[in-house]
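The values are calculated or read from the model by the stated rules, or taken from the named source; none is laboratory data. The shown structure was predicted, so the numbers you read here are calculated from the model rather than taken from an experiment. Virtual Cβ from ideal backbone geometry, glycine too; neighbours counted across all protein chains shown. To get the accessible areas, we keep the full protein, side chains included, count just its heavy atoms, and leave off ligands, DNA and RNA. Shrake-Rupley method; radii C 1.70, N 1.55, O 1.52, S 1.80 Å.
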Amino acid sequence: MLEIKNLHVKLEEEDKQILKGVDLTVEAGKVHAIMGPNGSGKSTLSYVLSGRDGYEVTEGAASLGGEDILDMEAEERAAAGLFLAFQYPVEIPGVGNMTFLRTAVNAQRKARGEEEMSAAEFLKVVREKAKSLKIDADMLKRPVNVGFSGGEKKRNEILQMAMLEPKMCILDETDSGLDVDAMKLVAEGVNALRDAGRGFLVITHYQRLLDHIKPDVVHIMADGRIVKTGGPELALEVENNGYADILAEMA
Amino acid sequence: MRFAPVLTKPSAKRDADTAARLDVLGDIDATGCLAEARKTALARLTEMGLPHPRDEYWRYTKPDTLVQPQAPAAALHDASDEAPLYDGIDRLKVVFVDGVFDPAQSDSLEMAGIELCRLAELSDTDIHWSRDLYGVLEADGQVPVPRPLAALNTAYASDGIAIRATDKAARPVNLIYLHENTASDAMLHHVIKVEAGAELTVLENGPAAARFNACMEVDVAEGGAFHHVRAQGRDRERRTVTHIFTRLADEATFKSFTLTANGVLTRNEAIMDLQGNDCVAHVAGASLGDGGDFHHDDTVFVTHGGLNGESRQVFKKVLRNGATGVFQGKILVKEGAQKTDGYQISQSLLLDDDSQFLAKPELEIYADDVACSHGSTSGAIDEEGLFYLRSRGVPLAEATDLMTLAFLAEAIEEIDNAEIAEDITSRLGAWLERRRG
Ligand SMILES: Nc1ncnc2c1ncn2[C@@H]1O[C@H](COP(=O)(O)OP(=O)(O)O)[C@@H](O)[C@H]1O
Ligand SMILES: [Mg+2]
């Protein structure tokens, strides 16, 4: 599904190399987790994949379903099926959450040559999905993420993901700042989307989330590289011993 | 405390310009019950002279084309690509074509809750209420800053409408200004009196003329409410100068919103005098300019004289391809106007590096227990928000429009009537859509 090969990325404005050769393949139907110390480049990887400005790919490649995505605009990547749940969801004053969702859903449909969703159908679907994430009518009406609590913002990300039904979902620290109940809701939302045709890349610091979203593969990222890959037991090892042992082992 | 008028500086050019303009206009109308008001307005004007490029109050906007004897020609605009504004709203239509009243296209001037009358139809013998208002608020509004083009209007306006609301008006009155002559030079003057506890909404739309000078005086008595929503036509080459003078008694409400899209020159002045206690005055504007020949100026002067007054100024301008936006806004809180709540925000969204926004916000406060705030910003579109939208699949052009509408939203929210607000929003959306690359 998602194939990343020897990806090197530096900042556009500064001479600072952040990703130093990332290799990673997420197969359809699988959940991969990335763990790693702060500053190792996890968010950068998710931004570069989703097409944010400010980064320069100096080497390597990334493709989605066999299609090279690095030359695509952000919106084209989204239409191709890539979704990033932001570590820090953006507030957009003046744009209603519902308008935002509907514009996004229909823009993607249009880009794929599909029929737009009618207002009535959209409303029905969004209400149903919002309900399972405990997102009330008021949150749907309010401007995008404005005045939302940390937990509300993260649930709103999952709602967008549920509405857009992407092929490849990247979740950047979606669990941070969530209490146990909110995390369960988010995890249920993600699990409801798991199916044979969809890949997940879950970036997290904590085993906690991985108790609810069971990963198939766990990667450890440090200093811009994947330094270790293993099964779910690798996350437990991090939980118990921290990163020090793994990093020392690599040195 | 006294407020002395800021006298315009004498200048030979000013005198010559004024004389040339008056020469073309000829004699004032000395018939009808407004003759006296016209005469004193002309005297006021002759004393002040017309605006001069070096006047402080015209520092950011060149008055030349508003002052010159003949109106510069303005090509007609074919607006058939859009449904007429306020189409779905039940209203009383009063139509002016190039400043001339058109009875055929107008509704009959009758409605429950209000009295309507054309100024041009008032005769010598009429003892009409409008005589006590016509030119009166305009004259008051000449201090401390002179507004010669308003005095010119009082002296020479060819027509206008007098509306007196004695109750809750059954429907809004819609003044529609059509432009059919490329060289038209129109001057209209409206006087509006909202009696105690009465309510009235006035809608205005259309380009009006190649050059349009409009003046509106609005007197709101105790507990009365006046709502005003205006859309200045899409004609690219039109020139417009407008003045709205309002005087508010205890617990009176005045709310005005203006949408401006296109036009080479627009100067909208609002002069609001909160004389009573507990009154509310809001003035807002959304303007859209595309191109180096777009110049839009909002000039506001709010005077708080009573207790507990609330005033709000919310102005948003979207500028692209070298367009210019101007905002001059002043809040004056007189001695004793305690508990005044004055708010002023003016913001521009610059869609490129060539466009510019010039703002001069001012506060002058002589009372000690007031809350006044003002802010002015100028900036590009929020990149974070733009990326967020794009990452959800919204194409760049559409995302930019969505962010632009979001920027304007705070001004649109000043319109109380949801249906009208929606109408205005769809206009803005259509304007943006026509420019999508
Ligand atoms: N736009 C930027 N400007 C400056 N430094 C940046 C920028 N983006 C990322 N970095 C730096 O790159 C490194 C990786 O950051 P990030 O990808 O956010 O790591 P993680 O998500 O793993 O905590 C950090 O040292 C961070 O400071
Ligand atoms: Mg991060």
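Summary of computed values
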| read-out | value |
| --- | --- |
| Computed over chain A: relative contact order in percent, which uses C-alpha pairs under 8 Å that are six or more apart | 29 percent |
| Distance (nanometres) between label positions extended 7 Å along Cα→Cβ at B:TRP129 and A:LYS131 | 5.5 nm |
| Of B:ILE271, B:PRO207, B:ASN174, farthest towards positive along the dipole that unit charges on Lys, Arg, Asp, Glu beta carbons give segment B:161-278 | B:PRO207 |
| Gaussian network model of chain B, Cα within-10 Å springs - most flexible of B:ALA155, B:ALA409, B:ALA270 | B:ALA409 |
| Kirkwood-based Rg to Rh ratio, segment B:9-83, C-alpha trace | 1.10 |
| Cα shape, segment B:68-136, gyration tensor, a/c 1.5 rule | oblate |
| Kyte-Doolittle at least -1.0, axis length at least 15 Å by Cα - qualifying DSSP helices, chain A | A:97-111, A:119-132, A:150-164, A:180-193 |
| Debye intensity ratio in log₁₀ form over the Cα atoms of segment B:299-437, taken at each q of 0.21 Å⁻¹ | -1.22 |
| Unit charges on C-beta of K, R, D, E only; dipole of segment A:95-248, Debye | 640 debye |
| Per residue, in Å², the accessible surface of segment A:128-194 once ligands and nucleic acids are set aside, probe 1.4 Å | 40 Å² |
| Cα gyration tensor shape of segment B:136-197, rounded if a/c is under 1.5, else prolate or oblate by comparing a/b with b/c | oblate |
| Within the accessible area of the protein assembly as shown (1.4 Å probe), percent carbon and sulfur | 48 percent |
| Helical segments meeting 15 Å axial Cα length and Kyte-Doolittle 1.0 threshold in chain B (DSSP H) | B:396-412 |
| Segment B:2-387: relative contact order in percent, alpha carbon pairs under 8 Å with at least 6 residues between | 11 percent |
| Other-chain or far-sequence residues with amide H under 5 Å of A:ILE69's (modelled H) | A:ALA62, A:SER63, A:LEU64 |
| Computed accessible area, B:ILE365, all protein chains, 1.4 angstrom probe, square angstrom | 70 Å² |
| Under-5 Å amide H pairs with A:ALA85, H placed in peptide plane, nonlocal only | A:ILE170, A:LEU171, A:ASP172 |
| Per-pair calculated FRET efficiency, R0 = 45 Å: B:GLN68 and B:ASP341 via Cβ, rounded to 0.05 | 0.60 |
| Spherically averaged projected area of the protein assembly as shown from its Cα convex hull (nm²) | 34.5 nm² |
| Accessible-area ranking of A:SER46, A:SER63, largest first, probe 1.4 Å | A:SER63, A:SER46 |
| Between segment B:8-69 and segment B:109-145, the Cα center-to-center distance that results, in Å | 21 Å |
| Chain B: most fluctuating residue of B:LEU402, B:LEU259, B:LEU42 per GNM, C-alpha cutoff 10 Å | B:LEU402 |
| For segment B:62-69, 3J(HN,Hα) per residue [Karplus equation, 6.51 cos²θ - 1.76 cosθ + 1.60, θ = phi - 60°, Hz, x = Gly/Pro] | 6, x, 2, 6, 7, 9, 4, x |
| A:GLU114 accessible area, 1.4 Å probe, all protein chains in place, Å² to nearest 10 | 80 Å² |
| Contact order normalised by residue count of segment B:256-316, Cα under 8 Å, 6+ apart, percent | 46 percent |
| With all protein chains modelled, accessible area of A:GLU237 [1.4 Å, Å²] | 60 Å² |
| Burial of 30 Å² or greater, segment B:350-384 residues [accessible area, probe 1.4 Å, versus chain by itself] | B:GLU384 |
| Cβ-Cβ FRET estimate between A:ASN241 and A:GLU14, R0 fixed at 41 Å, reported to 0.05 | 0.75 |
| Interface residues, segment A:79-102 - accessible area loss of 20 Å² or more versus chain alone, probe 1.4 Å | A:PHE86, A:VAL90, A:ILE92, A:GLY94, A:VAL95, A:PHE100 |
| Under-5 Å amide H pairs with B:HIS282, H placed in peptide plane, nonlocal only | B:PHE254, B:LYS255, B:SER256, B:ARG312 |
| Solvent-accessible area buried by pairing B with A, both sides, nearest 100 square angstrom, 1.4 angstrom probe | 1900 Å² |
| Prolate/oblate/rounded call for segment B:2-387, Cα gyration tensor, a/c under 1.5 rounded | rounded |
| Helix-only mean residue ellipticity at 222 nm for chain A, each DSSP H run of n ≥ 4 adding -39500 (n - 2.57), per residue, nearest 500 | -11500 deg cm²/dmol |
| Fraction of beta bridges assigned by DSSP in the protein assembly as shown that are antiparallel (%, nearest 5) | 20 percent |
| Charge dipole magnitude, Cβ of K and R +1, D and E -1 - the protein assembly as shown, Cα centre, debye nearest 20 | 340 debye |
| Probe 1.4 Å, protein heavy atoms only - accessible area per residue of segment B:2-387 in square angstrom | 37 Å² |
| Segment A:116-166 and segment B:318-353: distance between their alpha carbon centers, rounded to Å | 36 Å |
| Point-to-point label distance, A:GLU249-B:ARG436, nm (Cα→Cβ direction, 7 Å offset) | 5.3 nm |
| Efficiency of FRET from Cβ geometry, A:GLU56 and A:VAL146, R₀ 41 Å, rounded to 0.05 | 0.80 |
| Heavy-atom accessible area ranking, 1.4 Å probe, most first, across A:ARG198, B:ARG164 | B:ARG164, A:ARG198 |
| Helix-only mean residue ellipticity at 222 nm for chain B, each DSSP H run of n ≥ 4 adding -39500 (n - 2.57), per residue, nearest 500 | -6000 deg cm²/dmol |
